[in-house]
Amino acid sequence: MTRTESELRLGSPPPPRTPLFERIFEIRGRGTTVGREIRGGVTTFVAIVYIVLLNPLILGASADITGARLSTGELTTATALSAAVVTILMGLVGNAPLALAAGLGVNGVVAFQMAPAMTWPQAFGLVILEGVCIVAMVLSGLRERIMNAIPKPLKTALTVGIGLYIALVGLVSAGFVTRTPDSAQSTVPVRLGINGHLVGWPMAVFCFGLLLMIVLTARKVPGAILISIVAATILAIVLNEVFHVSGWQLVSPKVPGSLVSAPDFSLLGHIDLFGGFVTAGPIAATVFLFTLVLSGFFDAMGTITSVSDEAGLARDGRIPRMNRILFVDGVGAVVGGATGASPNTVFLESAAGVGEGARTGLASVVTGLLFAATLAFTPLASVVPAEAAAPALVVIGAMMMAQCRNIPWHESDYVIPVFLTIAIIPFTYSITNGVGAGLIAFVLIKVCKGKWRETGWLLTVLAVIFAVYFGVNGVEALFR
């Protein structure tokens, strides 16, 4: 019996089975290949893995209200673990070439604003609540209302202000900028280096790393930040071990006894969901929570849109599985709080993988698996001194400052609110203060010009909340 006769007797042959990768990730449907996705995932990892070094630097530089500090080992484990989990989740659920990790800027809120006002478990509890709020907004559709309420120039100003803030943290961490000891009597509150001069080999390491990072970034070298950190760290180790140079800011660059060790999961699940409302007070905790939601939610929206556009995923202005992508972003904050890594968010460095051809979630799965592999190499993080890692904060801050081009400086209603948002964040070392000052100024200008209807009730309520936040201590003092 011929094959044709067999087919006539048994019916039409079953359609060929779709490969597993095609069913999950739509590889051919998006015009890519498995090899290209793997290459893109590796490229994204190389571009983003610096966060495993920088997040411990930022969170470890601050103490909570009890004076407790987090160790480099446990922070490195938390950062790598949370990034691995949520990036793989993004690949499987969102099917997008987007990598997530502890967000720069928002981790500064956790370290320098929230932790001094509460304990670390309480701060991470608020991070989890942030994720819950974002997920609820995605599921309810409230995100559109909030997006319409906050003027775009103020959201852009927030990104710029955080960029300045991150850069200042990097300069201070490396000792490039220091506080004047007698600043109360001096007209200059901060100064360059020591006594107005850059001295010492540790400062030379910082300058070397910064200049190298600037050059590599300008030349668009993949992994420019990581390459520069590694190069500066090697130089620091040589200076410390061979020439016995001292004066390092936070970490002395010593060769570890072993490159591999068991991960430190001591921060996992160490949270207090609502304790921050008691320790810091309900108003302060609410403002902290609002700042986390505002920063995380809108930063993610901008990054997702820009990277997806570059990948050619948008169809008629819409991104496939957008709600799933936003859902995973919200879950990322929950995972970040539960692991002790601060909120996870989508990283703009995902564009590096897209540039290598990544178009599907398979690239994210590859990036996530590589993050998981770094859990065994946590001792390497304790080798990197602040002088080698801090240049990345300066360069990333500069990149965030580029958003200034999108601010309508010619519109008088926005100039002062935008300026206050940008300036007050680094000047007061507080993202919360900058957000509040900008919103209050914007609402006040609109009301005084008879345009109060343009602000909407939601923005007015937010401005009132911030006004109470700024004045609550003064009011309390009057009744003591």
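The values are calculated or read from the model by the stated rules, or taken from the named source; none is laboratory data. The shown structure was predicted, so the numbers you read here are calculated from the model rather than taken from an experiment. Neighbour counts are summed over all protein chains in view; Cβ atoms, including those assigned to glycine, are modelled from backbone coordinates with ideal geometry. Heads up: the accessible areas ignore ligands, DNA and RNA and are worked out on the full protein's heavy atoms, side chains in. Shrake-Rupley method; radii C 1.70, N 1.55, O 1.52, S 1.80 Å.
The H on the amide N of VAL190, modeled in the peptide plane, is under 5 Å from the matching H of THR180, each at least 5 residues off or on a different chain. The HN-Hα couplings worked out from phi for the range 153-163 by the Karplus form 6.51 cos²θ - 1.76 cosθ + 1.60 (θ = phi - 60°) are x, 6, 5, 5, 4, 4, 4, 5, x, 5, x Hz, whole numbers, x standing for Gly and Pro. The long axis of helix 224-241 is offset from the longest Cα principal axis of the chain by roughly 60 degrees.
Heavy-atom accessible surface of LYS446, to the nearest 10 Å², is about 10 Å², with a 1.4 Å probe and all protein chains retained.
Relative protection proxy for 430-442, 342-354, 276-288, from highest mean packing down: 342-354, 430-442, 276-288 (other beta-carbon atoms within 10 angstrom). Figure note: ARG191, ARG39 ranked by solvent-accessible area, largest first, 1.4 Å probe, ligands and nucleic acids not counted: ARG39, ARG191. The angle separating the long axis of helix 120-140 from the principal Cα axis of greatest extent in the chain is about 50 degrees. Rounded to the nearest whole Hz, the Karplus-based 3J(HN,Hα) values (6.51 cos²θ - 1.76 cosθ + 1.60, θ = phi - 60°) of the range 386-395 follow the sequence 4, 5, 8, 8, 4, x, 5, 5, 5, 5, with x at glycine and proline.
Between VAL177 and VAL172, GLY193, the built amide H atoms are under 5 Å apart, and every one of these is 5 or more places off in sequence or on another chain. Shape class for the chain: oblate, because the ratio a/c of the largest to smallest gyration tensor axis (alpha-carbon atoms, square roots of eigenvalues) is 1.5 or more and b/c is at least a/b. For the range 236-379, the gyration tensor built on C-alpha atoms gives an oblate shape. Its axis ratio a/c (a ≥ b ≥ c) is at least 1.5, and a/b is not larger than b/c.
Could you tell me whether the range 42-140 comes out rounded, prolate or oblate from its Cα gyration tensor? Rule is a ≥ b ≥ c as square roots of the eigenvalues, rounded for a/c under 1.5, then prolate if a/b exceeds b/c, otherwise oblate. Because a/c hits 1.5 or more and a/b fails to exceed b/c, the range 42-140 counts as oblate.
Helical runs assigned H by DSSP (4 residues or longer) give the chain a calculated mean residue ellipticity at 222 nm of -20000 deg cm²/dmol, each run adding -39500 (n - 2.57) before division by the residue total.
Computed on protein heavy atoms with a 1.4 Å probe, the accessible areas place PHE290, PHE377, PHE124 in the order PHE377, PHE290, PHE124, largest first. Remark on ALA101: its backbone amide H falls under 5 Å from those of THR345, PHE347, a criterion applied only to residues 5 or more positions apart or on other chains, H modelled at 1.01 Å from N. Accessible surface computed residue by residue for the chain, with neighbouring protein chains in place and a 1.4 Å probe, gives 44 Å² per residue.
Quick check for the chain: number of Lys pairs with alpha-carbon distance under 24 Å, counting only pairs 8 or more apart or on different chains?
6
Computed in the context of the full set of protein chains, the accessible area of the chain at 1.4 Å probe radius has 66% of its extent on carbon or sulfur. Running Debye on the range 102-216 with equal point scatterers at the Cα sites and no solvent, what base-10 log of I(q)/I(0) appears at q = 0.09, 0.11, 0.16, 0.17 Å⁻¹? For the range 102-216 at q = 0.09, 0.11, 0.16, 0.17 Å⁻¹, log10 I(q)/I(0) is -0.42, -0.60, -1.00, -1.06. Which distance in Å, rounded to a whole number, links the C-alpha centroids of the range 439-468 and the range 109-170? Distance between centres, Cα-based: 20 Å.
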